[in-house]
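Colleague: One structure, pasted below without further comment.
The values are calculated or read from the model by the stated rules, or taken from the named source; none is laboratory data. This one's a predicted model, so the numbers in the text were calculated from it and none came from an experiment. Cβ: placed from backbone, ideal geometry, glycine included. Neighbour counts: every protein chain shown.
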Amino acid sequence: MALVQSDENDFHALREAQRMVDSCQDFADHLIVAEFLPHCRGVAYINIRTLEQVIYCVQLSSAGYRIVSYEFDDVADEVANCDTVYESAHQLLAGISPLYGEKYGFGREPLGKRKEKRS
């Protein structure tokens, strides 16, 4: 599921986060829009527990999906400074959940890595 937008002004993070949760519910053990972090038009947060029982808090923005913590409803500075951005929910899940990749066969390459290869 790639981010749907015609330009940055059309992007609504909370709406996109809820769409991701609704469409990917079967691909993780637990998947919910974060309840205790502030959302705005440009940024929303998603709590994920993978099929392997690993916990992530993921930030969704017009740039894509980025891991910001290994706890629900949390942004950890040392994690949030990571440059890895996933263009789609399926790339994110494949990147963080080997069982997801094996089970559903989606690619694992994050957006940041692909851009580096093109340069």
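Colleague: What pairs come up if the first residue lies in segment 9-34 and is at negative phi, the second is of a type in the set (Lys, Arg) and not in a helix (DSSP H, G or I), and their beta carbons are under 8 Å apart, counting only those six or more places apart or on different chains?
Modeller: Phe11/Arg41; His12/Arg41; Ala13/Arg41; Leu14/Arg41; Ala28/Arg49; Asp29/Arg49; His30/Arg49; Leu31/Arg49
Colleague: Which one of these does Gln91 not meet: (1) within 19 Å of Ser23 (Cα to Cα); (2) surrounded by fewer than 18 Cβ atoms within 10 Å (Cβ to Cβ); (3) under 14 Å from the mean Cα position of the chain (by Cα); (4) at pLDDT below 95?
Modeller: Looking at each condition in turn, Gln91 falls short on (2).
Colleague: Which of (1) assigned to a helix (DSSP H, G or I); (2) of a type in the set (A, V, I, L, M); (3) surrounded by fewer than 21 Cβ atoms within 10 Å (Cβ to Cβ) does Val75 not meet, given it meets every other one?
Modeller: (1)
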